[in-house]
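A.B. asks: I'd like to ask you about the structure that follows.
The values are calculated or read from the model by the stated rules, or taken from the named source; none is laboratory data. Just so we're clear, the structure is a prediction, and the values are computed from it rather than from any experiment. We place every Cβ from the backbone using ideal geometry, glycine too, and count neighbours over all the protein chains shown.
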């Protein structure tokens, strides 16, 4: 059971977690799939860690309000890593939303620029885990696009 503090975190977990976890487990034996997912998962974890550091500089205490409780089943090592990253993302986002309400940051110059890399990495992970794109890592796509 995971208790989530934000509607965005809740929506991502409720909508995608089980589907992504199941697909990660079912397709793990396919050539190149597991490594691509692991690479994209590592990138997502890295972006979440950066997001957490930035949010803690603005506000260190997360919201005490929980918006949802979701029951999860961890079916493989990758789903456990995804679970921990999503939980950290949700907690950090709640810190920023409280800071936003307190007027410490604004949406366009504060929140959106911090969210973009995390959501991009999440999108790449989702696409690779659900086999919605060629089996290239987010780092390979970023290199092709000239994005750091």
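A.B. asks: With the structure loaded, tell me whether residue 14 is in contact with a strand residue (DSSP E or B) (Cβ under 9 Å, 6 or more places away or on another chain) and exposed (fewer than 14 other Cβ atoms within 10 Å of the Cβ) or whether it fails that test. Steps first, answer last, please.
C.D. replies: Numbers: in contact with a strand residue (DSSP E or B) (Cβ under 9 Å, 6 or more places away or on another chain): yes; exposed (fewer than 14 other Cβ atoms within 10 Å of the Cβ): yes.
For residue 14, the condition - in contact with a strand residue (DSSP E or B) (Cβ under 9 Å, 6 or more places away or on another chain) and exposed (fewer than 14 other Cβ atoms within 10 Å of the Cβ) - is met.
A.B. asks: For the condition crowded, with 17+ Cβ neighbours inside 10 Å, under 15 Å from the mean Cα position of the chain (by Cα) and at pLDDT 90 or above, what is the one hit in 20, 24? Let's see the steps before the verdict.
C.D. replies: On the way: 24 fails: under 15 Å from the mean Cα position of the chain (by Cα).
Sole residue among the options that is crowded, with 17+ Cβ neighbours inside 10 Å, under 15 Å from the mean Cα position of the chain (by Cα) and at pLDDT 90 or above: 20.
A.B. asks: Among the residues of the stretch 86-98, are any within 21 Å of residue 132 (Cα to Cα), more than 14 Å from the chain's Cα centre (by Cα) and surrounded by 13 or more Cβ atoms within 10 Å (Cβ to Cβ)?
C.D. replies: no
A.B. asks: Report yes if residue 81 is over 17 Å from residue 15 (Cα atoms), modelled with pLDDT of 90 or more and surrounded by fewer than 16 Cβ atoms within 10 Å (Cβ to Cβ), otherwise no. Walk me through it before giving the result.
C.D. replies: Numbers: over 17 Å from residue 15 (Cα atoms): yes; modelled with pLDDT of 90 or more: yes; surrounded by fewer than 16 Cβ atoms within 10 Å (Cβ to Cβ): no.
So residue 81 fails the test.
A.B. asks: Picking from 117, 62, which residue would you name as being over 21 Å from residue 29 (Cα atoms), touching a helix residue (DSSP H, G or I) at 6+ places or on another chain (Cβ under 6 Å) and outside any loop (DSSP other than H, G, I, E, B)? So that I can check it myself, show each step before the final result.
C.D. replies: Values: 62 fails: outside any loop (DSSP other than H, G, I, E, B).
One residue alone meets the criteria, 117.
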